[in-house]
Amino acid sequence: MKLTESVLSQMPDDTIAQLQRLDKFWSAYRSGNQQIPTVVQQNTESLNDTDCDVLVCGGTLGIFIGCALAVRGWRVTVLEQGILRGREQEWNISRQELDAFLELGLLTNQELETAIATEYNPGRVSFLGGEDLWVRDVLNIGVDPVFLLATLKRKFLDCGGKLLEKTGFKAAFVHPNGICVEVEQQDGSVKIKARLLLDVMGHFSAIARQARIDTNQGQKPDGVCMVVGSCAQGLPQHEFGDLIATFTPIQNQCQYFWEAFPARDGRTTYMFTYADADPQRPSFSALWEDYLSLLPQYQNIELGELKFLRTLFGFFPSYRSSPLQTAWDRILQVGDSSGSQSPLSFGGFGSLVRHLVRLTNGIDAAMSSNSLDRNALRLLQPYQPNLSVTWLFQKAMSVGINQKVEADRINYILSIVFQCMQQLGDPVLKPFLQDVVQFPALSQTMLKMAIADPVLVRKVIQQVGAIALLDWMRHYLNLGAYSLLDSCGKALSPILPNLIPEQQFFWQCQLNSWRYGSGGDYGDPGHTL
């Protein structure tokens, strides 16, 4: 681990300790030797009153939905375990996806432009042995989290929101008419009573982990994305970025993928791989060593010429049974805790922004109609076939720990797939790169792949297995059905205002499930054309 030690020793004193803590957590996570605490309990007694309408647990991304609801006039309290402040590393997104902030009144045009720290074009897709593909205006905007969160924090407080920093979630008690949440502050525990709790505490939320057990959705993830990376000065300052790139074959039962894009104070590079949580998977210390060993070849530069500013390492679990269906009344998972991100992406900022308008409108309607039982709230995180079909792609981009495949298998499959999508044009390629799968585009791609290389289907089946392929066919057919229902559902929208609030909420959720589940939201605020 000589390279890792030499680089991380340049970082703040706790960086090596953070890596060691992550490896310890990762080891326990893979072995399944983790106790899942019971943090949510039922209580049959009614509450006398409430302190707020909505309690948001998790402030970094929770401030988005909290501020949007506060703008609508709801009494909102946001809990943040530390200080609510954005990190230094930019969040990448496509420009028109940011229109969601304008539609919801969270940012002005000037504030939005100020929030954009970097911009580049074009983006490259490159696989070993294949031809480079180029696209424009996809994930090419770097948003400054420090400015964005400070602006939303100020607007939230101006709208009457209440922010509790250095306040951690401890337990929740679900009552018939509300929820009582115990939180931990520096001077002890206090209780906050609300009508609805939003869990925005991320992938490893204690509430979400208990919910997966209580709803029999499984605790161990079906897949993980392991990622390491850094922002450094001294790298070649190209005008383009890499959306996804490979330059090595499969090694250590991993196919390494790379991203690279400009940052305000340097250039960011990530190396990531799709895997499972098998105990034999490598540690993050080993992954970091591979990253540092391969970075000079990737960027054509000597490691000693670089000044590392920031480092990143972590993993992102994903589940076939997603989004997570809430296990209780008055609790809703939002963002990564809900598992509503594509298994191909890291989730986080981009995934939440895509659903921000839908969730804001849905939660607003649920509060107004008092539709806060678990069956009603599950309508806000419905089954999405365009999310489920991406599981096959994740499977095709990973290798089982004991699976024997040719070293160039994944690069070969991806080269053919992306060449076919590029030949079909931007309406097919660009949505896919933004985690949106649509039935017509997917069908065209599969047909073109079968014509371009008839042997490819056999290779894909060998890679993913026949059972996974049959399961995928179910979601693929549902994707087609949802596309048809979305087209028919547009005729129902004009009659919704004539319904009572409870019916309006139900049918609006139904229309949204067809729209988002088919990828029909592509072009709405939160997605680019």
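Looking for whichever is open to solvent by 10 Å² or more (accessible area, probe 1.4 Å), closer than 30 Å to Glu406 by Cα and basic (Lys, Arg) here; the options are Arg124, Arg195. Which one fits? Quick ask: steps written out before the conclusion?
Numbers: Arg195 fails: closer than 30 Å to Glu406 by Cα.
The unique qualifying residue is Arg124.
Could you tell me which residue of region 127-146 is surrounded by the most Cβ atoms within 10 Å (Cβ to Cβ), considering only residues that are over 26 Å from Phe247 (Cα atoms) and touching a strand residue (DSSP E or B) at 6+ places or on another chain (Cβ under 8 Å)?
Keep residues of region 127-146 that are over 26 Å from Phe247 (Cα atoms), which gives 143-146.
This time we only want the ones that are touching a strand residue (DSSP E or B) at 6+ places or on another chain (Cβ under 8 Å), so: 143-145.
Numbers: Val143: 23, Asp144: 21, Pro145: 19.
Residue satisfying both the conditions and the ranking: Val143.
Taking the options Val224, Val181, Val174, name whichever one is among the β-branched types (Val, Ile, Thr) and touching a Pro at 6+ places or on another chain (Cβ under 8 Å).
Exactly one of Val224, Val181, Val174 is among the β-branched types (Val, Ile, Thr) and touching a Pro at 6+ places or on another chain (Cβ under 8 Å), namely Val224.
Take the residues of region 431-447 that are open to solvent by 30 Å² or more (accessible area, probe 1.4 Å) and touching a Ser or Thr at 6+ places or on another chain (Cβ under 9 Å): which is modelled with the lowest pLDDT?
It comes out as Asp435.
Report, by residue number, each residue of region 1-45 that is closer than 20 Å to Gly314 by Cα, acidic (Asp, Glu) and assigned to a loop (DSSP other than H, G, I, E, B).
If the condition is that a residue be closer than 20 Å to Gly314 by Cα, acidic (Asp, Glu) and assigned to a loop (DSSP other than H, G, I, E, B), then Asp13, Asp14 are the ones that fit.
Give me the helices (runs of 4 or more DSSP H) completely within region 369-454, filtered to those with at least 2 residues that are free of Cβ contacts under 8 Å to residues at least 24 places away in the same chain and either over 17 Å from Ser340 (Cα atoms) or out of contact with any Lys or Arg (no Cβ under 7 Å at 6 or more places or on another chain) (or both), ordered by residue number.
426-433, 439-452
For region 48-68, enumerate the residues that are touching a Lys or Arg at 6+ places or on another chain (Cβ under 9 Å) and in contact (Cβ under 8 Å) with a residue 12 or more places away in the chain.
Asp49, Thr50, Asp51, Cys52, Asp53, Val54, Leu55, Gly59, Thr60, Ile63, Cys67 - these are the residues of region 48-68 that are touching a Lys or Arg at 6+ places or on another chain (Cβ under 9 Å) and in contact (Cβ under 8 Å) with a residue 12 or more places away in the chain.
When region 9-47 is examined, which residues are found to be in contact with a Lys or Arg (Cβ under 7 Å, 6 or more places away or on another chain) and loosely packed, with under 14 Cβ neighbours inside 10 Å?
Gly32, Ile36
Filtering region 448-470 down to residues that are of a type outside the set (A, V, I, L, M) and open to solvent by less than 50 Å² (accessible area, probe 1.4 Å), which residue is modelled with the highest pLDDT?
Filtering region 448-470 for residues that are of a type outside the set (A, V, I, L, M) and open to solvent by less than 50 Å² (accessible area, probe 1.4 Å), the one modelled with the highest pLDDT comes out as Asp453.
If a residue must be closer than 17 Å to Ser443 by Cβ and either of a type in the set (Asp, Glu) or touching a His at 6+ places or on another chain (Cβ under 9 Å) (or both), how many such residues does region 476-513 contain?
1
Could you please give the count of residues in region 221-242 that are in a loop (DSSP other than H, G, I, E, B) and more than 29 Å from Arg320 (Cβ to Cβ)?
7
Would you say Leu379 is within 26 Å of the chain's Cα centre (by Cα), of a type in the set (A, V, I, L, M, F, W, C), modelled with pLDDT of 90 or more and farther than 23 Å from Leu352 by Cβ?
Values: within 26 Å of the chain's Cα centre (by Cα): yes; of a type in the set (A, V, I, L, M, F, W, C): yes; modelled with pLDDT of 90 or more: yes; farther than 23 Å from Leu352 by Cβ: no.
For Leu379, the condition - within 26 Å of the chain's Cα centre (by Cα), of a type in the set (A, V, I, L, M, F, W, C), modelled with pLDDT of 90 or more and farther than 23 Å from Leu352 by Cβ - is not met.
Using the structure shown, decide if Arg95 is in contact with a Pro (Cβ under 6 Å, 6 or more places away or on another chain), open to solvent by 30 Å² or more (accessible area, probe 1.4 Å) and at pLDDT below 95.
So Arg95 does not fit the description; no.
For Leu485, only one of the following conditions fails: (1) closer than 20 Å to Lys395 by Cα; (2) in contact with a helix residue (DSSP H, G or I) (Cβ under 6 Å, 6 or more places away or on another chain); (3) in a helix (DSSP H, G or I). What is its number?
Leu485 satisfies every listed condition except (1).
Determine whether Leu499 is modelled with pLDDT of 95 or more and either open to solvent by less than 80 Å² (accessible area, probe 1.4 Å) or under 27 Å from Gly130 (Cβ atoms) (or both).
Answer is no for this residue.
The values are calculated or read from the model by the stated rules, or taken from the named source; none is laboratory data. As the structure is a computational prediction, the values presented were derived from the model and not from experiment. Glycine also receives a Cβ, built like all others from the backbone with ideal geometry; neighbour counts cover every protein chain displayed. Heavy atoms of the whole protein, side chains included, go into the accessibility calculation; ligands, DNA and RNA do not. Shrake-Rupley method; radii C 1.70, N 1.55, O 1.52, S 1.80 Å.
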